[in-house]
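Novice: One structure coming up, written as structure tokens, with questions to follow.
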Amino acid sequence: MMALTDVSIWHWAGFTSFVLLSMAFDLGLFHRVGREIGFKEALGWTTLWSASALVFAFVVAPLTVGGWDRSVAALFVTGYLVELSLSMDNVFVIAIIFTYFGVPRIWQHRLLFWGIIGALMMRGLMIWLGSELIERVHWMLFVFGGFLLLTGLKMLFVNGVDESPDLSKNLVIRLVKRFFPVADSFDGDRFITRIAGRWMLTPLMLVLAVVETTDVIFALDSIPAIFGITRDPFLVFTSNVFAILGLRSLYFVLASAMGYFRYLKVGLALVLVFIGAKMLTEDWLQTLFGDRLHNLSLAVVLGLITLSILMSLLMAALRGDGKLSQK
């Protein structure tokens, strides 16, 4: 397994500065006023973030290690595809949460912005912990591999998420309501409001808490999955960040057409099974394929995701359905 030995603190600082600047421009310039995000605008932002990720993969990442190396690009793209695909599954759950709470579309982008800020910090911590565990306890790779294998098999054979969950029984919501006063209605896009001289959380804060918790749950799959592609913390973190940064626009692209992707979960499950099996047999596969293993992993992941999306679109077209009504 290749390691990036030349990644310095300046590379980390430069990438972090890029992320902070991008987020500042997003909220402070392009979305300073809450508004509804249309499909074309969301598609444009999704394309921009995907293009930025590819530029990073084929230009910035190889230069970071002191010269061109195609294996670096392959590792980053594979990790990015895995994280982005798992984020697509997260999008569907977020749409269900927004529908349950009746969050107006005009506030959804700002809510996702702050949700992603929390997700970036939480995933950074989880990636650091995962790297430390793998560095000190090598057999943790087999634990991660077995976990991904079982998770993928469970996704294949267990029914998906209920489209009408009763979130009133959600543990996070009950804990927040127990320790903090919560208002009965929204107050614009505010997370905290003042009613009768008393500071209270708004329902929007409850939604944010559930979204953040959901991301942590999804990260339990995605973080071990990316370590199955590469163990270098810089590639793990950057591929995660690019996938998360594109999550907001991806939500507005996919949320209104979730039903078209009914077989995506099958593709994601097979990807997790593949990565889990790869982690459990990596020494043997490395001996068998050598450096070609990076490109083989990329081809398998890309093939499984593409096939599941094409099958979803084909079956939706044959059935003449696919749209999920917003309740």
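The values are calculated or read from the model by the stated rules, or taken from the named source; none is laboratory data. Everything quoted here is computed from the prediction, not taken from an experiment. Virtual Cβ from ideal backbone geometry, glycine too; neighbours counted across all protein chains shown.
Novice: Taking only pairs six or more apart or across chains, which ones have beta-carbon atoms under 7 Å, a first residue in the stretch 213-240 that is over 22 Å from V60 (Cβ atoms) and in contact (Cβ under 8 Å) with a residue 12 or more places away in the chain, and a second residue that is of a type in the set (S, T, Y) and part of a helix (DSSP H, G or I)?
Specialist: Filtered contacts from the stretch 213-240: D221/T151.
Novice: Exactly one of (1) surrounded by 14 or more Cβ atoms within 10 Å (Cβ to Cβ); (2) at pLDDT below 85; (3) not acidic (D, E) is unmet by I127. Its number?
Specialist: (2)
Novice: Let me ask something additional. Just to check your reading of the model, which residue among F18, F76, F58 is modelled with pLDDT of 80 or more and surrounded by 18 or more Cβ atoms within 10 Å (Cβ to Cβ)?
Specialist: F76
Novice: Applying the selection to the stretch 35-47, what residues are modelled with pLDDT under 85, among the small types (G, A, S) and assigned to a helix (DSSP H, G or I)?
Specialist: Correct list: A42 only.
Novice: G115 - would you say it is out of contact with any Phe, Trp or Tyr (no Cβ under 9 Å at 6 or more places or on another chain), in a helix (DSSP H, G or I) and of a type in the set (G, A, S)?
Specialist: The answer is yes for G115.
Novice: So, one more: List every residue pair whose Cβ atoms sit under 7 Å apart, with the two residues 6 or more apart in sequence or on different chains, where the first one lies in the stretch 289-304 and is touching a residue at least 24 places away in the same chain (Cβ under 8 Å) and the second, anywhere, is of a type in the set (G, A, S).
Specialist: Going by the 7 Å Cβ cut-off, the qualifying pairs are D291/S71; H294/S71; H294/A74; N295/A74; L298/A74; L304/G267.
Novice: Which of the following residues is among the β-branched types (V, I, T), modelled with pLDDT of 85 or more and crowded, with 19+ Cβ neighbours inside 10 Å: V271, V300?
Specialist: On the way: V300 fails: crowded, with 19+ Cβ neighbours inside 10 Å.
Answer to the selection: V271.
Novice: Which is hydroxyl-bearing (S, T, Y), surrounded by fewer than 16 Cβ atoms within 10 Å (Cβ to Cβ), farther than 25 Å from G118 by Cα and at pLDDT 85 or above, of T287, T306?
Specialist: T306
Novice: Mind checking whether some residue in the stretch 61-71 is in contact with a His (Cβ under 6 Å, 6 or more places away or on another chain), surrounded by 15 or more Cβ atoms within 10 Å (Cβ to Cβ), more than 25 Å from L285 (Cα to Cα) and at pLDDT below 80?
Specialist: Yes; the residues of the stretch 61-71 include at least one that is in contact with a His (Cβ under 6 Å, 6 or more places away or on another chain), surrounded by 15 or more Cβ atoms within 10 Å (Cβ to Cβ), more than 25 Å from L285 (Cα to Cα) and at pLDDT below 80.
Novice: Name the one entry in V182, V176, V211 that is of a type in the set (A, V, I, L, M), modelled with pLDDT of 85 or more and surrounded by 20 or more Cβ atoms within 10 Å (Cβ to Cβ).
Specialist: V211
Novice: What are the residue pairs meeting all of these: first residue in the stretch 48-74, first residue under 18 Å from G246 (Cα atoms) and outside any helix (DSSP H, G or I), second residue hydrophobic (A, V, I, L, M, F, W, C) and modelled with pLDDT of 75 or more, Cβ atoms under 9 Å, and 6 or more apart or on different chains?
Specialist: none
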